[in-house]
1. Among the residues of the stretch 126-140, write down those that are within 15 Å of Asn195 (Cα to Cα) and either at pLDDT below 90 or touching a Phe, Trp or Tyr at 6+ places or on another chain (Cβ under 7 Å) (or both).
2. For the stretch 67-108, give me each residue that is charged (D, E, K, R), in contact with a His (Cβ under 9 Å, 6 or more places away or on another chain) and crowded, with 18+ Cβ neighbours inside 10 Å.
3. Which of the residues spanning the stretch 50-82 are touching a Ser or Thr at 6+ places or on another chain (Cβ under 6 Å) and either near ligand 1 (Cβ under 7 Å from one of its atoms) or assigned to a helix (DSSP H, G or I) (or both)?
4. Check the stretch 65-75 and report whether any residue there is modelled with pLDDT under 95, of a type outside the set (A, V, I, L, M) and within 16 Å of ligand 2 (Cβ to nearest atom).
5. State all residues of the stretch 83-125 that are within 16 Å of ligand 2 (Cβ to nearest atom) and either free of Cβ contacts under 8 Å to residues at least 40 places away in the same chain or assigned to a helix (DSSP H, G or I) (or both); if no residue qualifies, say none.
6. Can you tell me which residue in the stretch 83-101 is farthest from Ile232 (Cα to Cα), limited to those that are within 13 Å of ligand 1 (Cβ to nearest atom) and basic (Lys, Arg)?
7. Filter the stretch 221-249 down to the residues that are surrounded by fewer than 23 Cβ atoms within 10 Å (Cβ to Cβ), in contact with a Phe, Trp or Tyr (Cβ under 8 Å, 6 or more places away or on another chain) and among the hydrophobic types (A, V, I, L, M, F, W, C) and list them by number.
8. Only one residue in Asp270, Asp246, Asp209 is at pLDDT 85 or above and over 20 Å from the mean Cα position of the chain (by Cα), so which one is that?
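The values are calculated or read from the model by the stated rules, or taken from the named source; none is laboratory data. Source: prediction; values computed, not measured. When we count neighbours, we look across all protein chains shown, and the Cβ atoms used for this are built from the backbone with ideal geometry, even at glycine.
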Amino acid sequence: MKDLNDISLGVAAMETGGARGAAAADASARGDSAEPRAENFFEFRDVCKSFDDNAVLKDVSFSVKRGETCVIMGRSGVGKSVSLKHIMGFMRADSGRIFVDGQDVTDFSEQQFEEVRRKVTMVFQSGALFDSLTVAENIAFPLEKQPGLENEDIDAYVAKLAKMLEVEEVLDKLPSELSTGMKRAVAMARAFAQNPDAILFDEPTTMVDPIMAGHMGDLILRLKDAFHRTSIVVTHDTHLAKKLADTVVFLQDGRVAFFGPWNNFENSKDPFLHNFRMQDALIPALDVTL
Ligand SMILES: Nc1ncnc2c1ncn2[C@@H]1O[C@H](COP(=O)(O)OP(=O)(O)O)[C@@H](O)[C@H]1O
Ligand SMILES: [Mg+2]
């Protein structure tokens, strides 16, 4: 077994965003450290995407600086999830370019996207947990593949993440025994166990009550403060956005109606943006994606 101090050292390194804790060996095997680090971790340049006659993304451009949190907002069906799927390589742009960690991934092969998915994890709305594995096994899953980690190391790290996400009490339960909010917290723990460079959250507060929504926001904020990972949070929850956003992308009719710092979004006099903020602030409990 590794000395527990190694684990905490690794975790401490992860927390400062420096040398890469549990996945350090893996990262250096990828040669990450030798590459110059682009200032923008994500960038969309004039991305267009249609499904038959339905033009969903129209010349969408925005960027997310390394270490920052960008919130993508907009009404249901506007293309928020579609944007995330382009980053993960689950969907391909009709035109325009997409950059991840300084690399133009637009024409990446499926095999190359497997590399991207090691750097960038997505936390799905459903949680997408393994039903037959316990909570502890779900969180440990990405750690099992790490070279040089022994069971005791994995247990210690799972315990640490579980504490951070407040799921220690349910480590032995199956996902089916958990509330939606708990499932999402476990999904977040599993995503962080992979020690990615960036995390994408799709609607982390929908389908839960306002108190749980506030709690989910606090958990993401805690992870943001602890790990300093680049992230994109898709939501139409203005409370959550205010808590997390360094920058905002507001999508409307397939276009970027606003891209900039949160403060500018909050103070924008644009009637549509103002209206959106007011409505959403009044009815958080009805914030449901169809
Ligand atoms: N695989 C698909 N095939 C056809 N249309 C799709 C597909 N995925 C998404 N769409 C359409 O793209 C639009 C945006 O979807 P989505 O990004 O999921 O919206 P949201 O902003 O609510 O996340 C919707 O009109 C949806 O019907
Ligand atoms: Mg969506």
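1. Of everything in the stretch 126-140, just one residue is within 15 Å of Asn195 (Cα to Cα) and either at pLDDT below 90 or touching a Phe, Trp or Tyr at 6+ places or on another chain (Cβ under 7 Å) (or both), namely Asn138.
2. Within the stretch 67-108, the first condition is being charged (D, E, K, R), and the residues that meet it are 68, 75, 80, 85, 92, 94, 97, 101, 104, 107.
If we keep only those that are in contact with a His (Cβ under 9 Å, 6 or more places away or on another chain) as well, we get 75, 80, 92.
Passing the criteria: only Lys80.
3. Answer for the stretch 50-82, where residues must be touching a Ser or Thr at 6+ places or on another chain (Cβ under 6 Å) and either near ligand 1 (Cβ under 7 Å from one of its atoms) or assigned to a helix (DSSP H, G or I) (or both): just Ser76.
4. Looking for residues that are modelled with pLDDT under 95, of a type outside the set (A, V, I, L, M) and within 16 Å of ligand 2 (Cβ to nearest atom), one finds at least one in the stretch 65-75, hence yes.
5. Hits for the stretch 83-125 are Ser83, Leu84, Lys85, His86, Ile87, Met88, Phe90.
6. That would be Arg92.
7. Selection gives Leu223, Phe227.
8. When all the criteria are applied, what remains is Asp270.
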